[in-house]
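In what follows, a structure is listed as C-alpha cells, so that the remarks can point back to it.
The values are calculated or read from the model by the stated rules, or taken from the named source; none is laboratory data. Bear in mind that the values here come from a model prediction, so they are computed numbers and not experimental data. Please note: Cβ atoms are built from the backbone with ideal geometry, for glycine as well, and neighbour counts cover all protein chains shown.
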Amino acid sequence: MSRLARELYRYFATAQGWLWFGAITLFFGLVPIPIALLFSPIWEGAGDWFADFTHAALALYGRTCLYMRIGVEGCRAEGTRIVVANHQAWLDPLVLMGLERRLAGPVKRYMLRVPIFGAVPRLAGFFQSDVGELPSLGAVARCVATARARGGSLLFFPEGTRSRDGALGAFHRGAFRTAFDHCLAIQPVVIEGLDRVLPRKGPIVQTYGRQLVRVRYLAPIEPPFEIPGVLRRDIVRGLAERARDAIAEELETMRKSRAGPD
C-alpha cells in the first residue's frame, strides 16, 4: 500500500476515534449522567447501573476503534482487588474500564473538572488524588467499601502519570498501602502497544491499521501481607517493588516478542 494511503488511513482512524469518543461523551451528558444524578437519591442501585453502563460503553468503544484491537492475556483474580498497571497513553484507563466491570480508584483533580466527562468518575465512585498529595483516608475507605459491595475493584496507575519515553517510571505507594490496609490482593497488569498507537506527543494515531494492544494479567500478589517484626512502611515498599519488577520484566518480554528475533 502506498505511503499516501497509509497516511490517509491514520488521519481517518484518528477522526473516527475522536468523533466516536465525542459522541459517547455527548450521549452520557444527555442520558446516563442525568438519570444517575436524578435517581441516585431514591434509587440505591443508581451507582451500580451507571458503572455497568460506563463499562459497556467503553467496551464497545474499544471494540470499534479503527486504530486498535484489544487482546487480553493471562487470568484475572476473582473478587475485589487492587489493579495496578503501567501508564503510557491517555486511553489506558478507558481500555481497562472497558475490560473490568465497576472499576473505581484515584483520579486527578483536573479530570473531575472537565465538563460532562468529569461527572463519569464521580458517579462511578472514583476519588480525588493528585500526585504528591495523600488522599483522604475516608475517601479511600469509602471507595474500597463501595467496590466490595458492587463486586468491583480499584484501579491504580502507580507511576502517577503517563510515561514520557516509554520507560516504566517509579511507583508511588498509595495502591500498596490501600492493599495492605484493606487486605486486598494486588493484580499487576501490563498494557503494551498503546504508546505506539497514541503516544504522549500528540493526538494523532501514529500506526497503520488496527494495531494489537495487549493487556496481560500477571499472577496476583495475595494477602495476608503482614510480616512479624517488619514495619508497615517496609512491607508496603516491598509490595511496590515486587509489583513494579513483575510489570517491568513482562513489559520488556512483550516488547521483544513484538519486535521478533534479532
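Kindly indicate whether A139 is modelled with pLDDT under 90, surrounded by fewer than 17 Cβ atoms within 10 Å (Cβ to Cβ) and part of a helix (DSSP H, G or I). Here the answer is yes, as A139 does meet what is asked. Of the residues making up the stretch 94-130, just one is crowded, with 20+ Cβ neighbours inside 10 Å and among the polar types (S, T, N, Q), namely S129.
Within the stretch 1-92, which helices (runs of 4 or more DSSP H) (wholly inside it) include 3 or more residues that are under 29 Å from P223 (Cβ atoms) and either of a type in the set (S, T, Y) or within 17 Å of the chain's Cα centre (by Cα) (or both)?
By residue number, 46-64.
Just the residues that are under 13 Å from P115 (Cα atoms) and touching a helix residue (DSSP H, G or I) at 6+ places or on another chain (Cβ under 6 Å), please, taken from the stretch 28-44. Once the filter is applied, which keeps residues that are under 13 Å from P115 (Cα atoms) and touching a helix residue (DSSP H, G or I) at 6+ places or on another chain (Cβ under 6 Å), the stretch 28-44 yields only I33.
Evaluate the following for R233: is it within 24 Å of G160 (Cβ to Cβ), charged (D, E, K, R) and in contact (Cβ under 8 Å) with a residue 12 or more places away in the chain?
Details: within 24 Å of G160 (Cβ to Cβ): yes; charged (D, E, K, R): yes; in contact (Cβ under 8 Å) with a residue 12 or more places away in the chain: no.
Here the answer is no, as R233 does not meet what is asked.
Across the stretch 184-205, the qualifying residues are those that are β-branched (V, I, T) and in contact with a helix residue (DSSP H, G or I) (Cβ under 9 Å, 6 or more places away or on another chain), and the one among them that is surrounded by the fewest Cβ atoms within 10 Å (Cβ to Cβ) is I204.
Quick check on A248: is it over 22 Å from V107 (Cα atoms) and surrounded by 13 or more Cβ atoms within 10 Å (Cβ to Cβ)? In short, yes. Each residue in the stretch 63-93 was checked for being closer than 20 Å to W49 by Cα and either buried (at least 19 other Cβ atoms within 10 Å of the Cβ) or among the polar types (S, T, N, Q) (or both), and 2 of them qualify. Within the stretch 156-175, can one find any residue that is of a type in the set (A, V, I, L, M, F, W, C), surrounded by 14 or more Cβ atoms within 10 Å (Cβ to Cβ), out of contact with any helix residue (DSSP H, G or I) (no Cβ under 7 Å at 6 or more places or on another chain) and assigned to a helix (DSSP H, G or I)? Taking every residue of the stretch 156-175 in turn, at least one turns out to be of a type in the set (A, V, I, L, M, F, W, C), surrounded by 14 or more Cβ atoms within 10 Å (Cβ to Cβ), out of contact with any helix residue (DSSP H, G or I) (no Cβ under 7 Å at 6 or more places or on another chain) and assigned to a helix (DSSP H, G or I). Is it true that R216 is charged (D, E, K, R) and over 17 Å from the mean Cα position of the chain (by Cα)? Criteria not met by R216. Summed over the stretch 180-233, residues that are farther than 16 Å from E250 by Cα, touching a strand residue (DSSP E or B) at 6+ places or on another chain (Cβ under 9 Å) and among the basic types (K, R) total 2. Taking residues in the stretch 89-112 that are under 18 Å from L60 (Cβ atoms) and modelled with pLDDT of 90 or more, and partners anywhere that are aliphatic (A, V, I, L, M) and surrounded by fewer than 22 Cβ atoms within 10 Å (Cβ to Cβ), the pairs with Cβ atoms closer than 6 Å and at least 6 places apart or on different chains are G98/A59.
Considering only residues that are of a type in the set (G, A, S) and within 14 Å of Y208 (Cα to Cα), look in the stretch 1-53 and name the one that is surrounded by the fewest Cβ atoms within 10 Å (Cβ to Cβ). Give the derivation first.
Within the stretch 1-53, the subset of a type in the set (G, A, S) is 2, 5, 13, 15, 17, 22-23, 29, 36, 40, 45-47, 51.
Now narrow it down to the ones that are within 14 Å of Y208 (Cα to Cα): 2, 5, 13, 15, 17.
Working: S2: 7, A5: 10, A13: 22, A15: 13, G17: 21.
Across the stretch 1-53, the extreme among qualifying residues is S2.
Yes or no: the stretch 113-129 includes at least one residue that is farther than 19 Å from G17 by Cα, touching a Lys or Arg at 6+ places or on another chain (Cβ under 9 Å), in contact (Cβ under 8 Å) with a residue 60 or more places away in the chain and in a helix (DSSP H, G or I). Scanning the stretch 113-129, I find at least one residue that is farther than 19 Å from G17 by Cα, touching a Lys or Arg at 6+ places or on another chain (Cβ under 9 Å), in contact (Cβ under 8 Å) with a residue 60 or more places away in the chain and in a helix (DSSP H, G or I), so the answer is yes.
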